[in-house]
Amino acid sequence: VDRCIKLLQGHQHNFEKNLLRVARSSDGKRISCGSADKHIYIWDIATRKILYRLPGHLGSVNEVDFHPNESIITSCSSDKTVFLGEIEP
């Protein structure tokens, strides 16, 4: 049984730059993950295209999450910082 529903591509990675901790927006339209390349990636699920590649952290982005009601994303990193950012609705 093939359980793969959609494949989202575009993240640039190698052996050391893995994707970490996937989060889905409450409306189910976007998916996001942290990366060892110090960026946050946000995809549109329907089009499978990267909407955002957000820089700023100085270490691996270990966790991301969407606010349940607002167009805000949070992230935390190995650099011991937490970011809150507003994205387009």
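The values are calculated or read from the model by the stated rules, or taken from the named source; none is laboratory data. The structure displayed is predicted, hence computed values, not measured ones. Quick reminder, even Gly has a Cβ in these numbers, built from the backbone with ideal geometry, and neighbours come from all protein chains shown.
Condition test on K80, is it at positive phi and either modelled with pLDDT of 90 or more or acidic (D, E) (or both)? Yes.
The set of residues in segment 55-75 being hydroxyl-bearing (S, T, Y) and out of contact with any Leu (no Cβ under 7 Å at 6 or more places or on another chain) consists of S71, S75.
Across segment 75-89, the number of residues qualifying as more than 15 Å from R21 (Cα to Cα) and in a loop (DSSP other than H, G, I, E, B) comes to 6. Taking segment 15-74 as the region of interest, the strands (runs of 3 or more DSSP E) fully inside it that hold 2 or more residues being at negative phi, surrounded by 13 or more Cβ atoms within 10 Å (Cβ to Cβ) and of a type in the set (V, I, T) are 40-44, 61-66.
Considering segment 38-69, and only residues there that are acidic (D, E) and at pLDDT below 95, the residue that is nearest to the chain's Cα centre (by Cα) turns out to be E63.
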